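The values are calculated or read from the model by the stated rules, or taken from the named source; none is laboratory data. Just so it is clear, the structure is predicted and the values come from calculations on it, not from any experiment. Note that each Cβ is placed from the backbone with ideal geometry, even for glycine, and that neighbours are counted across all protein chains shown.
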Amino acid sequence: MSSSREIESLWAEVHYQRDRVALLRAKLYRWGLGPNARLRELERRLEGAERRLRERQRARP
């Protein structure tokens, strides 16, 4: 995969994970619930996606 395509793919993953976290946060807020294991897992996935994107951008020639 080319560098720019890989970065685009990583950006898409980050946005997807951010959307999932935001949606679950909104649902939990609406239901009057606090953070739960599912939200923590989604946040962990988001952090991983953001880390991979940062690392790839640093390594970009």
Of all residues in the stretch 16-37, which are touching a residue at least 24 places away in the same chain (Cβ under 8 Å) and of a type in the set (A, V, I, L, M, F, W, C)? V21
Any idea which residue in the stretch 4-23 is farthest from E50 (Cα to Cα), counting only those that are among the polar types (S, T, N, Q) and modelled with pLDDT of 95 or more? S9
Just to be sure I understand, how many residues within the stretch 20-37 are surrounded by 12 or more Cβ atoms within 10 Å (Cβ to Cβ) and not basic (K, R)? 4
Cβ pairs under 7 Å, 6+ apart or interchain, first in the stretch 38-61 and free of Cβ contacts under 8 Å to residues at least 60 places away in the same chain and surrounded by 13 or more Cβ atoms within 10 Å (Cβ to Cβ), second of a type in the set (K, R) and part of a helix (DSSP H, G or I), ordered by first then second residue, are L39/R25; L42/R20; L46/R18
